[in-house]
């Protein structure tokens with residue numbers, strides 16, 4: 001008789017110690033790790049993403065890391081497909097599943113689910129492809145018919161503009177109307193979520209230390225390689241740590257200011273992540289890093 005698979009998640013702001021804690025917990029509860037990190041999903045972005053080392057990755061099987069190349073688009077839909085694949089493997093191997101990372105939006109998508117998309121055909125897809133030849137006009141058209149939905153989409157985000165166009169062309173409804181009429185179904189109905197609480201001053205010190213470490217590991221060379229291979233156009237090239245180095249290449253800032261900007265922008269991201277985690281999840285257990293391991297293990301043992 002196969003055992004029931006336990007699923008839990010560890011979230012927290014960037015540089016709060018999630019990866020180390022996840023590996024410790026996974027080893028103790030016999031679990032695989034699914035990363036929810038919007039940068040670690042990309043191959044070749046290793047230093048900027050503060051991806052776990054090869055040694056750390058070898059301790060516990062990790063999924064959601066090194067999945068795509070930087071010029072490919074990652075999306076909520078792809079993440080949910082990845083989750084379903086990993087969950088199936090966990091069930092086959094009789095392993096628990098530990099979801100961990102800083103991009104909690106993906107975790108929320110599992111709890112909320114996604115709305116289905118309207119059926120399309122070749123004529124619709126060709127019409128959308130033609131419109132996408134002028135991304136600006138496509139964005140403006142959608143902004144006019146559905147400003148509520150489009151206000152959160154960048155005018156250069158070709159992937160999301162295409163998705164919105166497909167909905168509009170295939171259903172004759174705006175994206176807002178479509179999603180209202182086709183509410184999402186949760187992918188996970190129950191999930192224990194554990195959040196790492198960190199003092200802001202302590203976190204800032206950790207971020208500064210990590211930024212200095214990134215430099216010593218070859219941050220500048222990594223970004224130079226990524227720019228030469230993929231250009232500056234892919235979404236991944238707009239990440240914190242990449243943008244600041246590109247400004248350094250353009251002689252807009254000194255190396256010292258580059259490092260300071262990375263630390264400042266990372267700290268701002270951490271603040272947004274902490275706010276999101278605090279406000280977007282129900283029944284979440286929050287505690288400092290040094291206490292959370294015992295809390296998580298006690299919770300798993302009690303089930």
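Using the count of nearby Cβ atoms within 10 Å as a rough guide to exposure, how do 79, 281 rank from fewest to most? Intermediate values should be presented prior to the final figure.
Numbers: 79 23, 281 18.
Starting with the residue having the fewest Cβ neighbours, the order is 281, 79.
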Peptides 166-172, 95-101 ordered by average Cβ neighbours within 10 Å, highest first: 95-101, 166-172
Whole-number percent relative contact order across the stretch 8-94, with pairs defined as alpha carbons under 8 Å at least 6 apart: 28
For the chain, calculated [θ]222 nm from helices alone, where every DSSP H run of n ≥ 4 adds -39500 (n - 2.57): -17000 deg cm²/dmol
Residue 252 paired with residue 144, simple spin-label distance in nm, labels 7 Å along Cα-to-beta-carbon: 3.2
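Let's test the formula: R0 of 45 Å, r as the Cβ-Cβ distance of residue 156 and residue 213. What FRET efficiency results, to the nearest 0.05? Walk me through the intermediate numbers first.
Values: r = 32 Å, r/R0 = 0.71.
The value I calculate is 0.90.
Give me the percent relative contact order of the chain, please, defined on Cα pairs under 8 angstrom at least 6 residues apart.
Working: 391 pairs, mean separation 83.5, N = 303.
The normalised contact order for the chain reaches 28 percent.
Using a 10 Å cut-off around each Cβ, can you sort 71, 46, 154 from fewest to most neighbouring Cβ atoms?
Working: 71 15, 46 21, 154 12.
Ordered by Cβ neighbours within 10 Å, fewest first: 154, 71, 46.
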Choice from 250, 157, 37 showing the highest fluctuation, given a GNM over the chain with Cα pairs closer than 10 Å: 250
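Take the Cβ-Cβ distance between residue 132 and residue 232 as r, set R0 to 22 Å, and report the resulting FRET efficiency rounded to the nearest 0.05. Write out the running numbers ahead of the final one.
Values: r = 20 Å, r/R0 = 0.93.
E(calc), rounded to 0.05, equals 0.60.
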C-alpha center-to-center spacing [the stretch 198-225, the stretch 139-153] in angstrom: 37
Sequence-separation-based contact order of the stretch 122-181, relative, with Cα cut under 8 Å and 6+ spacing, percent: 34
Average silhouette area of the chain, convex hull of alpha-carbon atoms, in square nanometres: 17.8
Full-stretch length increase - residue 28, residue 84 - with 0.36 nm per residue and alpha-carbon distance subtracted: 17.8 nm
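Taken together, the values in this text are just the output of simple stated rules run on the coordinates, not laboratory data. In this text, all values refer to a predicted model and were calculated from it rather than measured experimentally. Glycine also receives a Cβ, built like all others from the backbone with ideal geometry; neighbour counts cover every protein chain displayed.
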